[in-house]
1. Could you check the spin-label model distance between D16 and S28? Points 7 Å from the Cα along Cα→Cβ, value in nm.
2. So how far apart, in nm, are the two label points at V46 and N3 if each is 7 Å from Cα heading toward Cβ?
3. Distance in nm between label sites at V35 and I56, each 7 Å beyond Cα in the beta-carbon direction?
Amino acid sequence: MKNGSADLNGCLQKGDEIVHVNGTNTTSYQHHVVVKLIMQTLKNGVVTLGIRRCLIGNTKILENIDIFI
């Protein structure tokens, strides 16, 4: 989300895929379901995202990114 916490955090890049939210695997979830899950977890003040990023033709699972709201 443009100007959202993850965007302003600077850790996410265009094309990143969210593979889990606070430990919940989201790889088979539709975009709107992942957004809803993130919004629900914001109530706790901390959202932990697992991100998959493609680097030079290779897929790499990045370490968790903690985003504090």
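Laboratory data are not the source of any read-out in this text; all were calculated from the coordinates shown. This is a predicted model, so every value here is computed, not measured. Every residue, glycine among them, receives a Cβ derived from its backbone with ideal geometry; neighbour counts consider all protein chains shown.
1. About 2.5 nm separates the two model spin labels.
2. With each label point 7 Å from Cα toward Cβ, the separation is 2.8 nm.
3. 3.5 nm
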